[in-house]
Every structure is written in C-alpha cells, then in structure tokens.
Amino acid sequence: MTRSRGFTLIELLVVLLVMGLAAGLIGVIAQPDERTRLKSEAERLAGLLDLAATESRLTGQAFAWSAEGANYSFSRWSEAAGWSGAGEALRARSLPPGMAISALRIEFNPYVSVPFEVQMSLGEARYAVVGSPVGEVRIHDLR
C-alpha cells in the first residue's frame, strides 16, 4: 500500500493561522503613530510655505496662504487678475482625517518677511510651523 505525500488539513490551517497573525502584527507595527503622521504633514506644510515665500521673493509677486477647517490653499497676486491660483506645486490641499490646523491667512510680501506660526494637531500630538523674520521656516514639537 502506498501512502500519498502531502499536507493534512490541520497542517494547512496551522500555517494559514501563523501567516494571518504575522500579517496582522506587521500591519499594526508598520502603521505610523499620530505624532509621526502629524510631523510628516507639518514638514510638508513647512516646505510649501517656504516655497511660497521664496517664489514671492524671486518673482516680486505677493503670495498668500489661507486655511479653513481641514483645507488650505495658496494664491498669487497679480495686478490684472487679483488673487488667483498659485500653480501646481502650490495647489489647494486637504489634511488627512482627524488633523486640525489653526485657521488664518499669511501673506508673503516679496520685500519683507513677516513672522508667523501655524499650529497643527492630531489627537494628543501638536506641532507648530514657524516662520522667522529672516525667512526661515521650521517645525516645533509642542508637547
């Protein structure tokens, strides 16, 4: 009598159970926490605000940033059209679900750097995007 080779149903179920547990643990470990997600979004906003300030100085045009709820947008001033869109790099954006941003408006003048502070939050995590009078834009952890 020959015995067929292969796996039993029990062995297959055990392997599937172990693989499922491993995938679940990897998913939980790989998901960033609130502080990491907020820091990443604050760094993105700091880079965009720095870009708007730099572009204002280089082109001689005023730029503005405004936030309302979980959305923010940039606009550019021109004598012909007034305030209008600021291009693809500075397009309107939305924050990820659960994030909040202080509602305000910042205008970037090509000749004067105005200090500003934008506060962002997600759960217990808090960050501030701060612009200095000399034009530097940085993020600060507000623990």
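The values are calculated or read from the model by the stated rules, or taken from the named source; none is laboratory data. Please read all numbers here as calculations on a predicted model, not as lab measurements. Because the Cβ atoms are built from the backbone with ideal geometry, glycine has one as well, and the counts that use them run over all protein chains shown.
In the set (1) part of a loop (DSSP other than H, G, I, E, B); (2) over 15 Å from the mean Cα position of the chain (by Cα); (3) not β-branched (V, I, T), the condition left unmet by R91 is number (2).
Among the residues here, S84 does not qualify as modelled with pLDDT of 90 or more, of a type outside the set (K, R), farther than 17 Å from S113 by Cα and assigned to a strand (DSSP E or B). Just one residue in the set R44, R35 is modelled with pLDDT under 85, closer than 30 Å to E117 by Cβ and in a helix (DSSP H, G or I); that residue is R35.
Just one residue in the set G6, G60 is modelled with pLDDT under 85 and at positive phi; that residue is G6. For segment 101-143, a residue qualifies if it is among the aromatic types (F, W, Y) and surrounded by 13 or more Cβ atoms within 10 Å (Cβ to Cβ), and the qualifying residues are F108, F116, Y127. Residues that are at pLDDT 90 or above and part of a loop (DSSP other than H, G, I, E, B) within segment 98-131 comprise just one, P115.
Hey, does segment 7-24 have a residue that's closer than 30 Å to R91 by Cα and of a type in the set (G, A, S)? Looking through segment 7-24, none of the residues is closer than 30 Å to R91 by Cα and of a type in the set (G, A, S).
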